[in-house]
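Undergrad: Have a look at this one before I ask anything.
Read-outs throughout are calculated quantities, based only on the coordinates presented, and are distinct from any laboratory measurement. These numbers come from a predicted model, not from an experiment.
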Amino acid sequence: MRGALGGVCALALLLGGQMPALAVAGEVLGHGAAATSAAFPASAAVPSAAAVPTSAAVPGTGVAPPESAVEPEPAPEESAPGTAPDGGPAAGPGQWFIEDYGIDELWEQTTGDGVSVAVIDSGVDDAHENLTDTVRDARDFSGSGTDGRTPIGPEANQHHGTAVAGVIAGNGDGAGPTGVAPDAELLSASMWLGSGLPEGAKSSREQAVDAIRWAVDSGASVINMSLGWDDPAWPESWDEVFAYAYSKDVVIVACVGNSSQGATQAWSPSTVPGVVGVGGLGQDGQVRHPSTAPGTAVDVMGPAEEIPVPFHTGGYAQAAGCSFAAPVVSGVVALLRSAHPELSADEVVAALESTATAVPGHDGRSTPESPDPVIGWGRIQPVSAFESGPPAEVPVAAEELASWVHMHRQAPAEDDEGPTASAGAPESQAATEPGGARPAARTPVLGPVVLITGGATALALAALALVRARRAARATAPAESADGPADDPGEDPADSPGEGRGTR
């Protein structure tokens, strides 16, 4: 189950050789401080704890100004920017993770051609030089009357979709980044991330339903959701649309949330069984505590520090947070799907998770019987996933979700022993990116369960022993009545800084 956090990023722009800090939300890189109310000037158009509803969906990134500007390195004389001497793609300035994660080795085999990746976010501005000709189709679901190519939402969040898109499929022109899957096509589905929904707009959760269905029907093989709602539960309408995506052989990747922005557990949709939940690592390869959240929804870990991205108004920036680890994973999934079209979505995810490795400084990783609440299966190893392929036993996302639904969406009991756990979370009124400064609304509970969110219907997380139901074990909690969340026993990984994801 992969979960997404909401939050905004603080970006440092590469404009005219200067990098003015755009403090939106999230930690400020180089200062080691988590986003606080001080990061949101009263006069700034930035979502604050008061401005963003508790159940809002937020961008899952903490993008922050880096300590220093990333100076573009001169390209070899015989090659164009973003192009290797042999004509293939090459890492752009500051893209340390391309070589560190072996993505450049995969480029010798595949660049993502033939795969469509949907970016459900604040809109992708494909007029940016880094994204020219990358967006195949786009649509808006916010009710704002835009086209999916126009950044929308509160000003502080508008950059988010364009930045995420550059990580996946940036063309490497000029000083810009080369996407992990530079030849993949993008589908842009814009949602309203943050407060101030347009009049008459659907709730953010229902916008997500429409966006996912459109992405699937438009031919997406991978869906990236670098956003989330600050509770682990979800409405019943999600059961159907996620099942629909799985039935069409689609991989859904979501960030689990940033603790620097108030995430005390993984947020939905990473908690939905079958979703690949992504937490963040630093350049040192260790868990980057501000860029992940605790819980059993973490499946894998990816780079979440100093990630070069295009900025929607022009120029470039550096970003941090699990919002940018997720698109790295989505890009790797696109590379694997392009190189091995014969593999199913479940097989590709199984290959990625089964080849993930331990993280320095952290003891343990997930097993089929026991999910690790901090790093899940561990750090992704794209080359190993490509070479090894899927394991003999492959969990099936659709079956995991169906198992969870059967267990938790039961009708009320007819006897006098009390009602059974049922329906999901109420729909939130605003979506946001992970990384916003949001207060923790939950109280840790010891046990194998992620925290229960107040004010939303919490869903009970059952630890399922069957391999096919492993993802369900990462979902959360029991149904909450109007009077508040129901008590539910279980382990609480809240004292761990990275949200752990269970088995797939």
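Undergrad: Give the separation of the Cα centroids, segment 227-275 to segment 284-306, in Å.
TA: Computed from Cα coordinates, the inter-centre distance equals 16 Å.
Undergrad: Can you give the convex hull volume of the alpha carbon atoms of segment 194-329 per residue, in Å³? All intermediate terms of the calculation are to be shown ahead of the outcome.
TA: Values: hull volume 17.1 nm³, N = 136.
Per residue, the Cα convex hull of segment 194-329 comes to 126 Å³.
Undergrad: Just for segment 268-359, what percent of DSSP beta bridges are antiparallel, to the closest 5?
TA: Details: 5 of 9 bridges.
Expressed as a percentage, antiparallel bridges in segment 268-359 total about 55.
Undergrad: Give me the percent relative contact order of segment 209-263, please, defined on Cα pairs under 8 angstrom at least 6 residues apart.
TA: About 50 percent, as a whole number.
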